[in-house]
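Each remark here refers to the structure printed beneath this line.
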Amino acid sequence: MAYRVAINGYGRIGQCVLRAIYEGGFRDQLQVVALNELSDIDTVSYLTRYDTTHGRFPLPVDHDGQNLLINGDSIRVLSKEDPRQLPWAEMDIDLVLECSGSFSDRATAQLHLDSGAKRLLFSQPAEPDVDATIVYGYNQQLLAANQQVVAAGSCTTNCIVPVLDLLHRELGIVSGVTTTIHSAMNDQPVIDSYHQTDLRLTRSAMHSIIPVDTGLNKGIERLLPELTGRFESLHLRVPTINVSVLDISLDLATKTSAREINGILRLAAANQLNGLLGYTEEPHASVDFNRDPRSGIVDGTQTRVSGGNMLKLLCWFDNEWGFANRMLDVADSWLRCK
C-alpha cells in the first residue's frame, strides 16, 4: 500500500525528498500526490529536472500547467501561503512532509491537520511540544500511530546522536564541544547584501568562512537528556555547495585509544548502524560523500586521543541527501505504525 504524501516547501530538502522517493526505493510506500510551493510551476519543473548538486533527474519530468508529471505520475502543484487553504482533506493526504523551513511550532502544524492532513513531519528541529523528535537509527521505536506531529531532527543531529549514544554507553562522555563545518546555504547571499539581520550572514557565502549560531547542543540535550549541560556547539559555513563535516571533541570517562575508538565505530557501522553510519580509512575529501545516503561517515584517519580521555573525531555527512533519506525512513516507519 502506498501512502498519500504532500510536500510543503520545495527548496533544497523538498527537492531531495522527492528525488529520494523515486531513486531510493520509497516509491512503493510513499506516493507524492501534491506539493505546495510559492514559486511558479515552470520553475518547479525546471529545478526538478536539473540540479547543480545532484545532477539531472533520472526520470522524465514535465508539467501540464497544474501538475508536475514524473514518469507517468501526476503531482498537483499548489501555491498557497496559508495552510488553511490547502485541500488536504479532498486529496486524502496521509502525511505532509513540511520542508519549507518557515515554521517549527505545533500551532502552525495544526493548520495542516485542520485542512485534512492526518500527520505532519518536520524536516527540521521543532518546538518541544511536538509528539516526538526522531533520529532514525537511535529512537525510531518511539514512533506511534496516535502521533500527529513529529520532527526528524536536523542533518547534524542525525549525524552525531547515534555516535554519541554509542560512545556514551561504551565509555561514558563527561563533556564535549562540536564544530559543524557546513556547506553554504540559501539564507546566504552570493555577494555582500542586505539579506539578513545577522550581520555575518550579509557577507558573501563564496568568499569567506562564516560563523553562524547553532542550537546543536540543545538538540543533543533533547535527544540525549543524560548529557544535559555537558555540550557546547559552534557552526561555520564554508564556500562549498554540499557535504559537511562534524568536528567532535569529547572528554571521556574511560581511558581509551584511537584504535579502540575506531574499532567500536567500525563494528557499529557494519552491524547495528549498517546503512546509517559509515566508517572509512581512505584519504577522502568532502566531495567524495556527495549523494551519500548515510547519516554520517566516521573518518578513521582523523581519530585522535590525547591523554587517554580527550577524543577528537571527524564525521562527514551529505547535509541534503543523507538527511532527506533519514526523513523518509522516519516517514515510512511512522506510517507503518499500527
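The values are calculated or read from the model by the stated rules, or taken from the named source; none is laboratory data. Predicted model only: the values in this text are computed from it and were never measured. Ideal geometry is used to build each Cβ from the backbone, glycine not excepted, and the neighbour counts take in all protein chains shown.
Per-structure values
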item: Residue 38 more than 19 Å from residue 118 (Cβ to Cβ), in contact with an Asp or Glu (Cβ under 6 Å, 6 or more places away or on another chain) and free of Cβ contacts under 8 Å to residues at least 60 places away in the same chain; result: no
item: The stretch 77-106, subset under 22 Å from the mean Cα position of the chain (by Cα) and surrounded by fewer than 16 Cβ atoms within 10 Å (Cβ to Cβ), residue modelled with the lowest pLDDT; result: 102
item: Of all residues making up the stretch 169-198, the number that are polar (S, T, N, Q) and buried (at least 17 other Cβ atoms within 10 Å of the Cβ); result: 5
item: Scope the stretch 1-29; condition among the hydroxyl-bearing types (Ser, Thr, Tyr) and farther than 16 Å from residue 291 by Cα; matching residues; result: 3, 10
item: Members of the stretch 169-196 found to be over 19 Å from residue 234 (Cα atoms) and either out of contact with any helix residue (DSSP H, G or I) (no Cβ under 7 Å at 6 or more places or on another chain) or in a loop (DSSP other than H, G, I, E, B) (or both), listed by number; result: 169, 171, 172, 186, 189, 190, 191, 192, 193, 194, 195, 196
item: Boolean, residue 166 is within 25 Å of residue 276 (Cα to Cα) and surrounded by fewer than 16 Cβ atoms within 10 Å (Cβ to Cβ); result: no
item: Single match in 32, 5, 44 (criterion: touching a residue at least 60 places away in the same chain (Cβ under 8 Å) and β-branched (Val, Ile, Thr)); result: 5
item: Any hit, the stretch 279-299, residues being in contact with a Lys or Arg (Cβ under 8 Å, 6 or more places away or on another chain), of a type outside the set (Phe, Trp, Tyr) and without any contact (Cβ under 8 Å) to a residue 60 or more places away in the chain; result: no
item: Selection status of residue 145, in contact (Cβ under 8 Å) with a residue 60 or more places away in the chain and in contact with a helix residue (DSSP H, G or I) (Cβ under 7 Å, 6 or more places away or on another chain); result: no
item: Residue 136 vs. criteria buried (at least 22 other Cβ atoms within 10 Å of the Cβ) and either outside the structural domain of residue 111 (by TED's automatic domain parsing) or not hydroxyl-bearing (Ser, Thr, Tyr) (or both); result: yes
item: Members of the stretch 4-51 that are in contact with a strand residue (DSSP E or B) (Cβ under 6 Å, 6 or more places away or on another chain) and surrounded by fewer than 16 Cβ atoms within 10 Å (Cβ to Cβ); result: 49
item: Hits in the stretch 115-127 - residues which are touching a Lys or Arg at 6+ places or on another chain (Cβ under 7 Å) and either surrounded by fewer than 19 Cβ atoms within 10 Å (Cβ to Cβ) or in the same structural domain as residue 186 (by TED's automatic domain parsing) (or both); result: 127
item: Residue identified as farther than 30 Å from residue 95 by Cα and assigned by TED's automatic domain parsing to the domain that holds residue 256 among 220, 210; result: 210
item: Selection within the stretch 45-84 - in a strand (DSSP E or B) and either of a type in the set (D, E, K, R) or outside the structural domain of residue 14 (by TED's automatic domain parsing) (or both); result: 62, 73, 76
item: Single match in 265, 273, 246, 236 (criterion: in a loop (DSSP other than H, G, I, E, B), in contact (Cβ under 8 Å) with a residue 24 or more places away in the chain and either exposed (fewer than 15 other Cβ atoms within 10 Å of the Cβ) or not basic (Lys, Arg) (or both)); result: 273
item: Residue 215 farther than 27 Å from residue 285 by Cβ and either without any contact (Cβ under 8 Å) to a residue 60 or more places away in the chain or more than 23 Å from the chain's Cα centre (by Cα) (or both); result: no
item: Qualifying residue in the stretch 97-119 (condition: within 21 Å of residue 331 (Cβ to Cβ), among the aliphatic types (A, V, I, L, M) and in a strand (DSSP E or B)); result: yes
item: All positions within the stretch 1-53 that are among the aromatic types (Phe, Trp, Tyr) and either modelled with pLDDT of 95 or more or touching a Phe, Trp or Tyr at 6+ places or on another chain (Cβ under 7 Å) (or both); result: 3, 10, 22, 46, 50
